[in-house]
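Worksheet: one structure, shown below.
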Amino acid sequence: MADDVTIKDFSGSGRVVATDEIGTRSFQKVKLAFGPDNTATDVQTGTGLPVTPQGVTETARGAGKATTGTITRVATSSGGSATLLASNVNRRGVVIYNDSLQNLYVKFNSGACSATSFTLILAPGQTLMESEMGYTGAITGILDGGSGNAQVTELT
């Protein structure tokens with residue numbers, strides 16, 4: 001069954017409008033377009049919708065490309081939180097590889113990382129690649145048991 005509906009305008013003429021029927025309701029299908037007044041460029045493959053984020057600085061979005069990758073092997077254990085990376089305003093991204101047999105709790109904050117205070121968990125052999133958030137603060141980590149290493153690459 002066609003989901004389209006006919007809507008009459010002020011003159012009584014009917015226009016067919018594309019809809020998607022969900023349950024007992026019809027939802028109008030809308031085609032996105034953009035452009036200055038009196039023009040319309042359809043959004044389609046190869047012509048995406050241009051977006052300008054508001055309230056986000058170029059630095060926070062990682063403006064400029066990283067030209068250096070500094071690799072550090074950080075010893076981690078369940079005995080205490082370790083600093084994986086110190087704060088660095090020039091950071092463009094970070095890659096953290098959990099090179100241990102235990103879960104690595106990672107915290108984007110200079111405070112101590114723990115099993116109850118963390119940002120994310122990397123399973124053994126898992127990698128975090130971060131370059132979109134623009135986070136330049138300290139990163140700490142702790143294992144949920146035993147000891148191991150985190151392979152950390154800071155991109156600047």
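Every read-out reported here was derived from the displayed coordinates using simple, explicitly stated rules and does not represent laboratory data. These numbers come from a predicted model, not from an experiment. When we count neighbours, we look across all protein chains shown, and the Cβ atoms used for this are built from the backbone with ideal geometry, even at glycine.
Its alpha carbons give region 69-155 an Rg and a Dmax of 11.5, 33 Å.
By the rule of a C-alpha distance below 19 Å, with chain neighbours fewer than 8 residues away ignored, the aspartates and glutamates paired with residue 107 are 99, 130, 132, 144, 154. Here residue 29 is the anchor, and the lysines within straight C-alpha reach of less than 25 Å, apart from those fewer than 8 places off in the same chain, are 8.
For the chain, the Cα-based Rg and Dmax, in that order, read 25.2, 78 Å.
Within straight-line reach of residue 31, meaning a Cα separation under 19 Å, sit the following aspartates and glutamates at least 8 residues removed in sequence or on another chain: 3, 4, 20, 21, 42. When the chain is treated as a GNM with alpha-carbon contacts under 10 Å, the residue of 89, 30, 43 showing the greatest mean-square fluctuation is 30.
For a Förster distance of 25 Å, can you work out the FRET efficiency between the beta-carbons of residue 110 and residue 156, rounded to the nearest 0.05? Between residue 110 and residue 156 the formula returns 0.85.
Here the simple spin-label model places points 7 Å from the Cα toward Cβ, and for residue 11 and residue 117 these points are separated by 7.1 nm. Counting only Cβ charges, +1 for Lys and Arg and -1 for Asp and Glu, the dipole size of the chain around its Cα centre is about 300 debye.
Which FRET efficiency value, to the nearest 0.05, is calculated for residue 127 and residue 32 with the Förster distance at 30 angstrom and r the Cβ-Cβ distance? It would help to have the intermediate numbers written out before the result.
Working: r = 35 Å, r/R0 = 1.17.
E between residue 127 and residue 32, to the nearest 0.05, is 0.30.
Between residue 147 and residue 43, the simple spin-label model (points 7 angstrom out along Cα→Cβ) gives 5.3 nm. Contact order, relative form, for the chain: 26 percent (alpha carbon pairs under 8 Å, 6 or more residues apart, mean separation divided by residue count).
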